[in-house]
Amino acid sequence: MSVAELKERHEAATAAVDSLRERLRQKRQMLLDNDLVGYSRTQGRAAISFSSTDLVCCRTLQGHTGKVYSLDWSPERNRIVSASQDGRLIVWNALTSQKTHAIKLPCAWVMTCAFSPNGQSVASGGLDSGCSIFNLNFQIDRDGNIPVARFLSGHKGYVSSCQYVPDDETHLVTGSGDQTCILWDVTTGQRLSVFGGEFPSGHTADVLSISINGSNSKMFVSGSCDSTARLWDARIASRAVHTFHGHKGDVNTVKFFPDGQRFGTGSDDGACRLFDVRTGHQLQVYQQQQQQGDNSADSPIVTSIAFSISGRLLFAAYSNGNCYVWDTLVGKVVLNLGAVQNSHEGRISCLGLSADGSALCTGSWDRTLKIWAFGGHRRVM
């Protein structure tokens, strides 16, 4: 078979796949006879009353000399770990703003960090294609650094995200630019399962984000540059349980809903989406309406998301420095932290909610982190 014939067959196959994909999209659209906002409207639900006095910046954490890329709260809610382009992890006391640890990383190009469930260790990953584990109880060396307790090596691309399995200090999941996710045994450094890669149901581009289901730690979801999110079961690593379509750009961030039955996504296309794990259907899109004449390509991208502990609020960080607080039921923005006093001066790259829901932390390319405290009854919203 000649090269011209192979090229012709490839083009025909590509056209057939595109046609099937469009028919599948139309079929899904026919099944979506309603969305969350539409149903809430029939129930007479109104947007909650929420103002800048209900979420106030109470602390600014300063100490990084480079852009902040990632953060995570400790389970006991009073510590935060952050990763920066300055090549350091900093562990902060969220109550006093003091630094308890400043860890110089083997690879300065860090992209992700995470606390262990017992709060005694932190993990980080980046362009060195591995995940470094640091025991915060280790003695510092003569240069003032904490040595690497374990280095998880096995990915063939950068490590974009990492998360410990809830209530299990020995297991951790990573996502990578090699299009795979890996479940690790931290104590031995061994790979337990690889998700994707050569398997046909895996991602076809870089994995950018992961989120483990807090209600069922065997399940996790991943977001990718292939514009999809995929649901995985650690017990059947050979294939994704489900693939979720809808975004028109890289899926930069994924986060499970508090009940574990739904999850949210944020994308380069400027939209957040809410999907149902059980049905595979999209429940809602959260996106500001474009003004007439605006170019959608110029829309700020969603960099990070988090849900309040009840799921009523969705916090979404954007590349233009905005941080919207969405009412998930009515699909409206009830507050923009980017427009209030003491807001960040640059791209908000990461955010996270404390374990008890009493505070939100945001990290930015302006080299700072900010802690936003909820007032009164807002804590449990």
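The values are calculated or read from the model by the stated rules, or taken from the named source; none is laboratory data. These figures come from a predicted structure and were not determined experimentally. Because the Cβ atoms are built from the backbone with ideal geometry, glycine has one as well, and the counts that use them run over all protein chains shown.
Counted as qualifying within the stretch 241-291 are the strands (runs of 3 or more DSSP E) with 2 or more residues that are over 14 Å from Y318 (Cα atoms) and out of contact with any helix residue (DSSP H, G or I) (no Cβ under 9 Å at 6 or more places or on another chain), namely 242-244, 251-256, 262-267, 272-276.
Is it the case that V81 is in contact (Cβ under 8 Å) with a residue 40 or more places away in the chain, crowded, with 17+ Cβ neighbours inside 10 Å and more than 19 Å from D167 (Cβ to Cβ)? In short, no. A search for C-beta distances below 7 Å between a residue of the stretch 363-381 that is hydrophobic (A, V, I, L, M, F, W, C) and any residue that is at pLDDT below 90, counting only pairs 6+ apart in sequence or on different chains, returns F374/D54. Checking F220, F138, F244, F151 one by one, the residue that is free of Cβ contacts under 8 Å to residues at least 12 places away in the same chain, in the same structural domain as T112 (by TED's automatic domain parsing), among the aromatic types (F, W, Y) and at negative phi is F138 and no other. Scanning the stretch 159-169 for residues being touching a strand residue (DSSP E or B) at 6+ places or on another chain (Cβ under 6 Å) and assigned to a loop (DSSP other than H, G, I, E, B) gives a total of 1.
For N145, indicate whether it is in the same structural domain as L89 (by TED's automatic domain parsing), assigned to a loop (DSSP other than H, G, I, E, B) and more than 26 Å from R77 (Cβ to Cβ). Yes. Annotation note: Cβ proximity below 9 Å between a residue of the stretch 98-110 that is within 13 Å of A123 (Cα to Cα) and a residue that is of a type in the set (K, R) and part of a loop (DSSP other than H, G, I, E, B) (sequence gap 6+ or interchain) occurs for no pair.
Within the stretch 356-367, the residues that satisfy the criterion of being over 13 Å from F307 (Cα atoms) and either in contact with a Leu (Cβ under 6 Å, 6 or more places away or on another chain) or modelled with pLDDT under 95 (or both) are T362, G363.
Working only within the stretch 170-200, note down all residues that are in a loop (DSSP other than H, G, I, E, B) and in contact with a strand residue (DSSP E or B) (Cβ under 7 Å, 6 or more places away or on another chain). The answer is T170, G177, Q179, V186, G189, G197. Spot the failing condition for A114; the list is (1) part of a loop (DSSP other than H, G, I, E, B); (2) closer than 30 Å to T204 by Cα; (3) at pLDDT 95 or above; (4) not hydroxyl-bearing (S, T, Y), and only one is missed. Answer for A114: the failing condition is (1).
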